[in-house]
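Q: The structure under discussion is supplied below as structure tokens; questions concerning it will follow.
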Amino acid sequence: MYEAFVTGTSLPDAYHRALAELNAHADITDCPDYNTTQKELSMTFVAAEPLAEPMISRLFIGDPRSLEQYRQEMLDGILDFEVARGNWEYTYHLRMADQLPWVVSELRRNPDSRRAIISTRDEADLESGSPACLQSIQYLLRGDALHCKVLFRSNDAAKAAYMNAFALIMLQKRIADELGVPVGTYTHRANSFHVYERDFPMLDGYIRRIESGADITYPYVDGWDELMEDAKPEIAEMVRKLKEEH
């Protein structure tokens, strides 16, 4: 299984390099759980300055509203109630929420700690048809900055990886702000970094845009952050209606 490692300055820079590496070196493997095939390799991509602008990639399937909703789902748990209703098996927020205060406490206790780890695995995953893809997050205070290293057992490169990374960087920033330190590097590890056969044309389109040299980013600050802020009332109304359904 091919092992890839790429680095970039910004999140889009690292992510686009990861897509190019996947396209160039992936194996075509069977994926019997979904009755399909996939392009797959193991990937580690690093954003040296994850908040560097431009921070938004044009190579993902979402828009400002969907990115803001996903950020709120992971950081604030706006749809956690769907688990209690039996509609979802888990949310990352529910799996992380009780551990986050401990992470901050541990890093305050010992800035050199290697123990500030959040685990998103659960015993329920052993019998689940859709166990959590994100496995763990480790935070390290080094050089007076908060570095973040995440591990995915499985990560859809074309449809999920960018949104996953963006939200996790926003969580990294939240913790860094609480600790009063700058955001350091972001490292994203996926043991299976893949694109399903139905999305091969999507990956081909992404690669053509990368190779064209065209601008494939947007600014976050004074750009998408404002659009995401504008989407908050609509998201809040969606959540309110969902809660009233039962």
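Q: Kindly put TYR34, TYR220, TYR139 in sequence by how many other C-beta atoms sit within 10 Å of each C-beta, fewest to most.
A: Listed from fewest to most nearby Cβ atoms, that is TYR34, TYR220, TYR139.
Q: In Å, what Rg and Dmax follow from the Cα atoms of segment 1-133?
A: Here Rg and the maximum Cα pair distance are 17.9, 49 Å.
Q: Once R0 is set to 22 Å, what does the formula 1/(1 + (r/R0)^6) return for the Cβ-Cβ distance between ASP125 and ASP76, expressed as a FRET efficiency to the nearest 0.05?
A: 0.45
Q: Filter the GluC sites (Glu not before Pro) in segment 203-246 to those in DSSP coil with at most 15 other Cβ atoms within 10 Å of their Cβ, and list the result.
A: GLU245
Q: Which value in Å does the Kirkwood hydrodynamic radius of segment 3-244 take, with 1/r averaged over all unlike C-alpha pairs and then inverted?
A: 18.8
Q: Along the three principal axes, how long is segment 48-124 when you take its alpha carbons, biggest first, rounded to the nearest angstrom?
A: Cα spread of segment 48-124 along its principal axes, largest to smallest: 40, 40, 18 Å.
Q: Quick one: work out the % antiparallel among DSSP beta bridges in the chain, nearest 5.
A: Close to 65 percent.
Q: Next question, about the same structure. Positive end of the dipole of the chain, charges at C-beta (+1 Lys, Arg; -1 Asp, Glu), about the Cα centre: which of TYR218, GLN99, ALA124 has its Cα farthest in that direction?
A: Result: GLN99, furthest along the dipole toward the positive end.
Q: Right, something else. Taking LYS39 as the anchor, which aspartates and glutamates have their alpha carbon closer than 17 Å to its alpha carbon, excluding any fewer than eight residues away along the same chain?
A: Correct list for LYS39: GLU3, GLU21, ASP27, ASP30, ASP156, GLU197, ASP199, ASP204.
Q: Can you give the relative contact order of the chain as a percent, counting alpha carbon pairs under 8 Å and 6+ residues apart?
A: Computed over the chain, the figure is 26 percent.
Q: Here's another thing I want to ask about it. Test of understanding: what is the full-extension gain from ARG153 to THR29, defined as 0.36 nm times their sequence separation minus their Cα-Cα distance?
A: Once the chain is fully extended between ARG153 and THR29, it gains 43.0 nm.
Q: Sticking with this structure for a sec: If I take R0 = 25 Å and measure r between the Cβ atoms of ALA52 and VAL239 in this structure, what FRET efficiency does the formula 1/(1 + (r/R0)^6) give, to the nearest 0.05?
A: Efficiency, rounded to the nearest 0.05: 0.20.
Q: Between VAL83 and ILE61, what is the FRET efficiency for a Förster distance of 25 Å, r being their Cβ-Cβ separation, to the nearest 0.05?
A: According to the calculation, E is roughly 0.55.
Q: About the Cα centre, and with charges only on the beta carbon of Lys, Arg (+1) and Asp, Glu (-1), how big is the dipole of the chain? Nearest 20 debye, please.
A: In total the dipole reaches around 560 debye.
Q: Using alpha carbon centroids, what distance separates segment 174-221 and segment 136-173, in Å?
A: Their Cα centres are 11 Å away from one another.
Just so you know, all these numbers are worked out from the coordinates, no wet-lab data involved. Predicted model only: the values in this text are computed from it and were never measured. Every residue, glycine as well, gets a Cβ built from its backbone with ideal geometry; the counts of neighbours run over all protein chains shown.
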